[in-house]
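To start, the structure itself, in structure tokens.
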Amino acid sequence: MTKQTHITPQLMRIDEEPFYQSVDDEIEMFEAAAKAGLPVLLKGPTGCGKTRFVEHMAWKLKRPLVTVSCHDDLTTSDLIGRYLIVGDETVWVDGPLTAAVRAGAICYLDEIVEARKDTTVVIHPLADARRVLNIDKHGEQVEAPPEFMLVISYNPGYQSVLKEIKPSTRQRFVAFDFDYPTAAVEAKIVAAEGGVSDDIAQKLVKLGQMTRNLKGAGLDEGASTRLLVHAAQLIASGVKPQAACTAAVARSLSDDPDMTASLQDLVNAVF
Amino acid sequence: MTNSAVRRLFLSEIELRVENALPGHPDTVGMQRAVQGLEPLSRAQQDLVLHWLEAAAQSSFELALHMATLAPQALERLDAEGFEIWVLNGLDMKDREDVPTAKAFFRDLDDFILRYRYNDSVATFDDVIHRTYIFLQAISGEALDIRVDERDKAWTDTQVMYLPYELAALPDAASNRKLYKVMATLLWAQTRYGTFYAEPGEDGQAVTQNALLRYGSDERALRLLAALEAVRLEAKLLRDLPGLVAEIAELRGPWPAELEPALPRLSQPDATLADTLEVLDAFLKTDVDIPAMVHAATIDPTQTMKNIRAEKRTDGKPRFGAQEIAFEPFPSDFDDGEAVGQGVAGEDMEPGDMPSSTSLGKNPVRRNDDVVMPVNPNTQLFPEPDFKYDEWDYKRGAYREEWCHLYEVPVAPGDPAYVNQVKHKYRAYIWQIRRQLEMIKGEDKMLSRQVDGEEMDIDAMIEHVIDHRNGSEPSDRLFRRRVRNERSLAVMFMVDMSGSTKGWVNNAERESLILLCEALELLNDNYAIYGFSGWGHKRCEIYPVKRFDEQYDDSVRAKIAGIEGKDFTRMGVAVRHLSKLLEEQGARHKLLITISDGYPDDFGDEYRNNYGIEDTRRALQEAHERGIRSFCVTIDRQGADYLPHLYGPARYEVVPNAYRLPMRMAEIYRHLTT
Ligand SMILES: Nc1ncnc2c1ncn2[C@@H]1O[C@H](COP(=O)(O)OP(=O)(O)OP(=O)(O)O)[C@@H](O)[C@H]1O
Ligand SMILES: [Mg+2]
């Protein structure tokens, strides 16, 4: 046997409270799931606060956070780890998932549907009563400490038939439904995050809601809270509101000339 | 002129280019005449005409020569852009009609110039409808029905918004397009802010739409009413859409002086129709009149009420803007004795029965049970069916075995020119979809751990070394290889060809299929197109338009053009048959996309209502269990309430206006498969 050294990726520790505006009882529910050692699935459209929520909970529960953005090239080794050769030695490097398990962290797998099915199955034993991670490559079985928590997310909005979560995966998770918050709550978020007045924030939210009316009628998704925050940030740094919305909202939602023109009409109508 | 690059072409040079453009054309006299006509033109004009002569020659020598002969006259009166439009219009004319018609078009220069100048400042419904539609859907959250008004007025019956076919009231086209947007928004505001309904007054007395009827067809009163409402509605819009209101103010200019006294009261954000009517009555006691304003939509209470009655909307609800407004029920003297009792879900019905209310009743071939139908002449003459399928009888909770007799019926080819017309109409869009699909196609994949390939797989190499050292057997899969992304996808388009799709729905279906096919040819997706309809369970029909193994060629194109409305909508059997065909395809992913215009319905037996819905649902469920994913696109604005149940196991989308179907289909396809 060669001598094995472990290298562990950096874990993110969140010391300062990330601003998160709760919408419902999601904070209490998440705490309960954490206590019960259950994995969590966050469903919701893009830019509605899923990532921010997980960061907030990591801070609240005082656990490190490991985030992995899934894509269709993500292999099991990318999650679990691989051997490297350093000089004359083979060195095992933990992947982010293994690191999170060892450290009792929250592991957040963003956009899980993008990952390949064979990659998704490695999380199965972690996401049920066994709570273990099998590292086949060197025959190790890592038992997850009680603090370890698995969180996955996906956007059910427009799902391709080529990408579906298998029921055997999804049924291991406690599911949370996320959506864009009510106008009043969203305006609070936009004002706080974007640094704009309540009046501007309300107009931005109004614009956002109008674009959401177009979902399925030419747009795949309306403007997310994230886009509205972006527009607000541009405004806060001195850009005129119309120009800010054109750049942050109208152009980023569509390439279709008719649609962009209509979105521009909406921007002009609101401001 | 010293620079030879800009000198005029000599006669012989022109001659040569004309001969090259029209090789072997027998009309040498005509060619000579055209050449002589081009000689005195400027070099830029000569180049312009010769360029278009060459382009037109691709289409017809005769027509190209005709155009070139008339070109000098045309260029006396048209600039280069106008000239190009003139030529393009003529070529279009030839594509749509024939050469003689196109020649006649070129000869009638006066007519073209008249329209060209005019068109410069006119906006048409077709120019703006798409944008207006999106705009209103965004602000209202509803799919509105917007149509051209035959009398060229802007008005609404609270269900449909009518707009003039063209607007030329303002000096330039851009302003006229804005005017469309403003008019449409004000029409929506009429319904949203209660032009046809007012809250009960303080004395508890309801001020209903009948208040409007008392002005009858008094033109002055209606003109004043429209103006006063325009003031009131503008104030209502101010809170949410200040930018739009500024635009309206700019278009209309200052309010006419005669309206001044009304402004303070009607500009209050909480002013209601009652306020408008009081002000109006005060005006009517004087002899004040005001000129009609460009942007104020017509209010035509008589017509509006007539349409509402014709729709038998006894719930009295306006169809759009309904959230905050409601109609009072009509007083009986307003009803001319027609039956008004329409079933509403949950009343007087078997639990779960589909209501036969007007909201679903727009299907023109859906007959009432008590109407005697002519006996289907084929009833006795059925040959042995091509296929037999079971059907789900929800009342018995069991299948009826081999209940549906299915026949494969060929589609009669349609007009071969149709496809080109559609391609022309949507050329910009086809290009756009293609570009998007190209991106899917372009995504190559790297496969790791291959036995050979174009580069080393570092991970595999390292493992190899480690396994070697550890004494276990190393793998020889050490390469990465780039491959074309294999989608392994088979798609079935199942197209409703029931009688109710006759006309615009059919046309939208045909156009969608052409757009899809034109774009899908880029991808290697295996796809098929079948229509379905039928008449009773003994004559269910399926119409192959493109089989999986068929190429998208002229014969398929002609069949798409031949898609037309037939009989009824027995959907379950079609889903079963087509999912069987789909299943036979070896692809890993199988997708069934249905396009229909309403709920399943058949004549003569119980397929109508719940039975049909349950059977269709069951068939989709069966398909799902066999790994087929279904997506249903429905063109039906009002039926959305039964769809979640009907499409239970499938996903679906309601496309409110048929004209949006082609574009939407392409987008849906892209989303479902990337
Ligand atoms: N409830 C919220 N509290 C505070 N900020 C929020 C909230 N919701 C959204 N935001 C703002 O919106 C931005 C986007 O949110 P986030 O990144 O969490 O979206 P997401 O749901 O993870 O999106 P995606 O699916 O695209 O990853 C945040 O950076 C934050 O500014
Ligand atoms: Mg995120």
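The eigenvalues of the Cα gyration tensor, multiplied by 5 and square-rooted, give the range B:489-672 an equivalent ellipsoid with semi-axes of 23, 18, 16 Å from largest to smallest. Once backbone amide H atoms are built at 1.01 Å from N, residue A:271 has B:243 as its partners under 5 Å, excluding neighbours fewer than 5 places away on the same chain. Charge dipole of the protein assembly as shown (Cα centre as origin; +1 on each Lys and Arg Cβ, -1 on each Asp and Glu Cβ, all else neutral): 1480 debye, rounded to the nearest 20. Taking 0.36 nm per residue of sequence separation and removing the Cα-Cα distance, the residue B:43/residue B:257 pair yields an extension gain of 71.4 nm. Eigen-decomposition of the gyration tensor built on the alpha-carbon atoms of the protein assembly as shown gives equivalent ellipsoid semi-axes of 52, 41, 36 angstrom, largest listed first.
Take the Cα of residue A:27, step 7 Å toward its Cβ, do the same at residue B:445, and the gap between the two points is 4.4 nm. Of the trypsin sites (Lys or Arg not before Pro) found in the range B:461-506, those that fall in a DSSP loop while having at most 11 other beta-carbon atoms within 10 Å are B:484.
Arranged from fewest to most other beta-carbon atoms within 10 Å of their beta carbon, A:215, A:62, A:206, B:285 become B:285, A:62, A:215, A:206.
Computed from backbone phi, the HN-Hα couplings of the range B:390-402 come to 6, 9, 8, 9, 5, 5, 8, x, 8, 7, 8, 6, 6 Hz, rounded to whole numbers (Karplus: 6.51 cos²θ - 1.76 cosθ + 1.60, θ = phi - 60°; Gly and Pro given as x). Listed by Cβ neighbour count within 10 Å, with the fewest neighbours leading, B:579, B:12 appear as B:12, B:579. Before rounding to the nearest 500, sum -39500 (n - 2.57) across all DSSP H runs of length at least 4 in the protein assembly as shown and divide by the residue total; then give [θ] at 222 nm in deg cm²/dmol. One gets -13000 deg cm²/dmol as the mean residue ellipticity at 222 nm. Residues B:179, B:523, arranged from fewest to most other Cβ atoms within 10 angstrom of their Cβ, appear as B:523, B:179. Taking the C-alpha atoms only, the angle from helix A:26-36 to the longest principal axis of chain A is near 10 degrees. Using θ = phi - 60° in the Karplus curve 6.51 cos²θ - 1.76 cosθ + 1.60, the 3J(HN,Hα) couplings for the range B:96-107 round to 7, 10, 7, 5, x, 4, 5, 5, 4, 4, 4, 5 Hz; x is entered for Gly and Pro. Across all directions, the average flat footprint of the convex hull enclosing the Cα atoms of the range B:29-87 is 3.5 nm².
Evaluate E = 1/(1 + (r/R0)^6) for residue A:192 and residue A:247, where r is the Cβ-Cβ distance and R0 equals 22 Å; express this FRET efficiency to the nearest 0.05. So, using R0 = 22 Å, E works out to roughly 0.55.
Label positions at residue A:239 and residue A:36, each projected 7 Å from the Cα along the C-beta direction, are separated by 4.4 nm. Taken along the Cα-to-beta-carbon direction at a fixed 7 Å, the label points for residue B:282 and residue B:580 span 7.7 nm. Mind running the shape call on the range B:3-117? Use the C-alpha gyration tensor, a ≥ b ≥ c as the square roots of the eigenvalues: rounded below 1.5 for a/c, prolate if a/b tops b/c, oblate otherwise. The shape class here is oblate. Taking a virtual spin label 7 Å from the Cα of residue B:153 along the C-beta vector, which residues in the range B:225-240 bring their backbone nitrogen under 16 Å of it? Flagged as within label range: B:225-230.
For the pair residue A:114 and residue B:88, a Förster radius of 41 Å applied to the C-beta separation gives a FRET efficiency near 0.35, rounded to the nearest 0.05. Applying a threshold of 18 Å to the alpha-carbon distances of A:215/B:181; A:163/B:590; B:538/B:559 flags A:215/B:181; B:538/B:559 as lying beyond it. Listed by chain and number, the aspartates and glutamates whose alpha-carbon sits under 12 Å from that of residue B:306, ignoring those within fewer than 8 places in the same chain, are B:157, B:335, B:336. Applying 1/(1 + (r/R0)^6) with r as the Cβ-Cβ distance of residue B:421 and residue A:91 and R0 = 56 angstrom yields a FRET efficiency of 0.25. When the square roots of the Cα gyration tensor eigenvalues are ordered a ≥ b ≥ c, the ratio a/c for the range B:223-308 is under 1.5, which makes its shape rounded. Note on the range B:445-484: Rg/Rh from Cα positions, Kirkwood definition for Rh, rounded to two decimals, is 1.05.
Each reported figure results from applying straightforward, stated rules to the coordinates on display, with no laboratory input. Quick caveat: nothing in here was measured; it's all calculated off a predicted structure. Backbone-built Cβ (ideal geometry, glycine too); neighbour counts: all protein chains shown.
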